[in-house]
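Shown next, in structure tokens, is the structure this report addresses.
The values are calculated or read from the model by the stated rules, or taken from the named source; none is laboratory data. All values reported here derive from a predicted model rather than from experimental measurement. Every residue, glycine among them, receives a Cβ derived from its backbone with ideal geometry; neighbour counts consider all protein chains shown.
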Amino acid sequence: MKGYTLIEVIISLLLITIILLGGTALFYQNLKSSGLSDVDLGLTSSLRSILSIIEKDIRFGQVTSVGNGFRIDCVSAGSVGYSGNSLIVNDLVGLETIYNLDNGQIASISSQTGNKEFISPMEIDVSRLSFTWFCQGSVNDKIKVEIDARNEVLGSGIGVTRSVSTEINMLNSGIN
């Protein structure tokens with residue numbers, strides 16, 4: 001009778017096990033990398049959407065204050081600008097909106113309703129929201145908005161951190 005010896009069977013099983021373990025590790029690494037890419041793309045997209053919401057109010061509205069500072073503080077700050085972690089802006093109708101950081105979420109409070117709405121998704125942890133107001137003679141005022149945030153890949157404990165910023169020229173303020 002012809003057949004395989006016990007040593008041949010054991011060596012074959014050992015080789016198959018090594019190949020399967022290597023393939024599984026490669027598959028898992030690829031899946032993890034894909035998950036990180038998806039979270040990174042989602043985080044970047046969400047932060048850009050938040051900036052877009054804030055930008056619309058700033059560009060067409062009139063800034064009342066940044067942090068604890070008012071326009072006179074901004075003018076005094078000169079080219080370095082006046083910074084703070086909250087922003088109060090009035091829209092064209094005169095309704096006030098306040099943007100600030102509240103427990104890792106960006107909050108928007110409207111004077112019309114008095115309700116606080118979070119404009120950042122719950123799965124994103126915002127660690128920094130900063131506004132810098134630039135008021136220089138004979139040009140429109142400008143606001144720089146900066147956001148630092150983190151999002152975790154579900155169940156992995158691995159997080160993606162992103163920072164975004166934009167400078168917005170205000171159409172309804174400045175030109176001292």
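Structure notes:
- Total residues in segment 1-52 satisfying the condition of being farther than 17 Å from I124 by Cα and either at pLDDT below 85 or of a type in the set (A, V, I, L, M, F, W, C) (or both): the figure is 30.
- Meets criteria (in a helix (DSSP H, G or I), at pLDDT 85 or above and within 14 Å of T132 (Cα to Cα)) for D73: yes
- Of residues in segment 125-161 being among the aliphatic types (A, V, I, L, M) and at pLDDT below 90, the one farthest from the chain's Cα centre (by Cα): V139
Quick grid of which residues meet (1) within 21 Å of S65 (Cβ to Cβ); (2) out of contact with any Cys (no Cβ under 7 Å at 6 or more places or on another chain); (3) aromatic (F, W, Y); (4) surrounded by fewer than 20 Cβ atoms within 10 Å (Cβ to Cβ):
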| position | (1), (2), (3), (4) |
| --- | --- |
| K116 | yes, yes, no, yes |
| W133 | yes, no, yes, no |
| Q136 | yes, yes, no, yes |
| D141 | yes, no, no, no |
| I147 | yes, yes, no, no |
| R150 | no, yes, no, yes |
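- Count of residues meeting criterion [free of Cβ contacts under 8 Å to residues at least 24 places away in the same chain and surrounded by fewer than 18 Cβ atoms within 10 Å (Cβ to Cβ)] in segment 58-89: 6
- Any hit, segment 89-111, residues being closer than 27 Å to R162 by Cα, modelled with pLDDT of 90 or more and aromatic (F, W, Y): yes
- Scanning segment 82-118 for residues that are touching a Phe, Trp or Tyr at 6+ places or on another chain (Cβ under 9 Å) and more than 16 Å from L129 (Cα to Cα) turns up D91, L92.
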